[in-house]
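The values are calculated or read from the model by the stated rules, or taken from the named source; none is laboratory data. Note that the structure is predicted; figures quoted are calculated from it, not measured. Don't worry about glycine lacking a Cβ; one is built from the backbone with ideal geometry, like all the others, and counts go over all protein chains shown. Note: accessible area is taken over every heavy atom of the protein model, side chains too, but ligands, DNA and RNA are not part of it. Shrake-Rupley method; radii C 1.70, N 1.55, O 1.52, S 1.80 Å.
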Amino acid sequence: MQAWKLLLCVAAGLSGMSESARAQTYPNRPVTLVIPFAPGGSTSIVGRVIADKMAQLLGQGIVIENRPGAGGTAGSRSVAKSEPDGYTILLGYTGTLAIGPSLYKNVGYDPRRDFAPIGMIGNAPSALVVHPSFPPKSVAELIAYAKAHPGEVNFGSAGVGSVNHVTGEYFARSAGIRLTHVPYKGTGPALTDLLGGHIPMALAPIPPVHANVSAGLLRALAVTGKTRSSLMPDVPTIAETGLSGFEASLYYGLVAPAGTPKPIIDRLNAELRAALASDEVKKQLGADGTEITPGTPEEYADFIDKDEKKWSQLVKDSGVEPE
C-alpha cells in the first residue's frame, strides 16, 4: 500500500476511535442548552422542563442560557458557530428554524446545513379567538362576515412577522378574505386590547387564552393545529371547519451544531425520547398546551426542511418585508 494511503487509513482510524471515545465518556461536564428568547415565555417553559428531566437521565447538569435578540435568531446563530462537541445545544423552534431565515436578510445560519437535529419535542397550536361582542360564532360565520366587510375586520398578534401574524395572513388567504393586521409588542398587549373590545379578533397561544375562554371573556372559534388541543377539546381545528389541510403550529425540538458526532446525537436523542415518555414531562408540557411528538434525528431533519419551505412561502405571501 502506498505511504499516503496508509497514512489516510491510520488517520481515519484514529479519528473514528477518538469520536467513539468521546461518545463513551459523554457527558463528563455540564451541557448548555441555549434558549434564544428571554425567560418566561413558552419556549423557556418547554426548554426547562426538558432540561430538568434530561439532566437526570444523562447524569450531568444541563445549564439553561437565555440568549434573546432578533426574534430568536441571535441565540440560534451563536449555537450554529459553537464547538460541535455536544456541550452546547439549542432549543429549536419554528420561529427560528422556519420563519427567521425568510424574515431576516442576514440571519447568519442555514437551518439545514448549520445544525445537527437531535429530535423533536412537540408542537403548540394557537387559537383563533374573538371578543364576545363580535357577531361571528364560528369560522364559517367569520368568513362570511369578512367577505361582507372586506378589510374591516382587524386581528391582533404579537408583532409584525410573528408566527401568529403570518398564521393570520395564511388563514385569510386560505379563506379568500381580507383581514387587517394590528401588530402589538407581544401577546400580552394584544390580549389586553382584545379583552377590552378594542380589536375584535386575535391569534394567540392557547395557554394564555383558554382561561378567558372558559370564563366567557373570549370566544374561541378554532385552533390552528392538526388535532384539537387537550386544553380546549371542544374547540374544532380550522381544518375541521372547512379549510382542509390548514395547519399552523409552533414546533419545538433540540439541535446541535453541525458536525457533532453521531454517537453523541444518538445519545441525546435517546434521553430526549425517554424524557418525553415520562409521566412528569407529559403532565408539565400538557399543562402548557404542548402536544408531544417525539422522533428520530432523521425525522426531525426532514421536518425542518419541509417546515422551512412551508413558512418561507407563507412569509412571502403575507407581504412582510425581510428586515
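Some points to look at:
- Short to long, the 10 Å bins of the Cα pair-distance histogram for the range 264-323 hold 18, 31, 30, 18, 2 percent of all pairs.
- Projecting the Cα atoms of SER318, GLY259, GLY69 onto the dipole axis of the chain, where Lys and Arg carry +1 and Asp and Glu carry -1 at the beta carbon, places GLY259 farthest toward the positive end.
- Net charge dipole size for the chain [Lys, Arg +1 and Asp, Glu -1 on Cβ; Debye, nearest 20]: 220 debye
- With every protein chain in place, the range 214-323: carbon and sulfur % of accessible area (1.4 Å): 51 percent
- Summing +1 for each Lys or Arg and -1 for each Asp or Glu among the other residues whose beta-carbon sits under 10 angstrom from that of THR296 gives -3.
- Centre-to-centre separation between the Cα atoms of the range 286-316 and those of the range 116-155: 20 Å.
- Shown for the range 119-253 is the translational diffusion coefficient from the Stokes-Einstein equation, using the Kirkwood radius over Cα pairs, a temperature of 25 °C and a viscosity of 0.890 mPa s: 168 µm²/s.
- A simple charge model with +1 on the Cβ of Lys and Arg, -1 on the Cβ of Asp and Glu and nothing else charged puts the dipole of the range 182-323 at about 200 debye relative to its Cα centre.
- Contact order normalised by residue count of the chain, Cα under 8 Å, 6+ apart, percent: 26 percent
- As computed over the range 84-168, the Cα convex hull volume per residue (Å³): 148 Å³
- Assuming charge only on the beta carbon of Lys and Arg (+1) and of Asp and Glu (-1), the dipole of the range 122-256 about its Cα centre is about 60 debye to the nearest 20.
- Label of the coordinate-derived value, P(r) over Cα pairs in 20 Å bins from 0, in percent, listed as (i) 32, 55, 12, 0; (ii) 31, 59, 10; (iii) 31, 52, 14, 3, 0: (iii)
- Mean Cβ count within 10 Å, highest first, over the residues of peptides 206-212, 181-187: 206-212, 181-187
- For the range 191-323, alpha-carbon Rg over 2.2 N^0.38 Å: 1.27
- Near VAL235: Cβ cut-off under 10 Å, other residues only, Lys/Arg at +1 and Asp/Glu at -1. The net charge is 0.
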